[in-house]
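Below: one structure, written as structure tokens.
The values are calculated or read from the model by the stated rules, or taken from the named source; none is laboratory data. Nothing here was measured: the structure is a model prediction, and the numbers come from that model. In this analysis, Cβ positions are derived from the backbone assuming ideal geometry, glycine residues included, and neighbour counts consider all displayed protein chains.
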């Protein structure tokens, strides 16, 4: 039987979006993030983080730094009784300066590549799954993958409402925070 997942954007959804973050010490996890992830897991969902990290292509952060951030975030959540099943990140950006990462790539949201990879690796039913994020590209990636979508108003959420309207697109639900998004996750 296929599993159901809640795909979460990272910056602006789980933690404050402070621009390019290359060190875990700069991560400020929202106080509602751990209880929300814990509740999502209690309900039987997989939790998969999907995050664009174009800072790698722009030579601002390294792959190793992003992996370290995710490892420490994982430790933070686990030590508080919550768990994230996997972190997926996209190091590519067309406007990068490192040739190996300066390409158009199907993992870069709004493309659904990270969600599709997670679905493949964890045997996920995308139609029953959710994408939660604070940007138009999160919502569009979720829709392209066939997920239900929830826009949170933390991070860039307020701006994303206008962007989505301009693109004649809309999330299935809008919630103030990740914790409030639980109301729509069944």
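A few notes on this one:
- Of the residues making up the range 46-75, those that are crowded, with 18+ Cβ neighbours inside 10 Å and over 15 Å from the mean Cα position of the chain (by Cα) number 4.
- Odd one out for residue 95 among (1) without any contact (Cβ under 8 Å) to a residue 24 or more places away in the chain; (2) assigned to a loop (DSSP other than H, G, I, E, B): (1)
- Restricted to the range 159-183, and to residues there that are exposed (fewer than 12 other Cβ atoms within 10 Å of the Cβ) and at pLDDT below 95, the residue that is nearest to residue 12 (Cα to Cα) is 162.
- Considering the range 16-40, and only residues there that are in contact with a strand residue (DSSP E or B) (Cβ under 6 Å, 6 or more places away or on another chain) and either surrounded by 21 or more Cβ atoms within 10 Å (Cβ to Cβ) or at pLDDT below 95 (or both), the residue that is nearest to residue 72 (Cα to Cα) turns out to be 37.
- Index of the failed condition, residue 147 passing every other in (1) crowded, with 19+ Cβ neighbours inside 10 Å; (2) touching a helix residue (DSSP H, G or I) at 6+ places or on another chain (Cβ under 8 Å); (3) over 12 Å from residue 6 (Cβ atoms): (3)
- Residues within the range 127-144 that are closer than 17 Å to residue 47 by Cα, free of Cβ contacts under 8 Å to residues at least 40 places away in the same chain and surrounded by fewer than 24 Cβ atoms within 10 Å (Cβ to Cβ), tallied: 1
- Candidate set from the range 56-84 (those that are in a loop (DSSP other than H, G, I, E, B) and in contact with a helix residue (DSSP H, G or I) (Cβ under 7 Å, 6 or more places away or on another chain)); member that is nearest to residue 98 (Cα to Cα): 56
- When we screen 43, 78 for residues that are touching a residue at least 40 places away in the same chain (Cβ under 8 Å) and either on the phi < 0 side of the Ramachandran plot or crowded, with 20+ Cβ neighbours inside 10 Å (or both), the only hit is 43.
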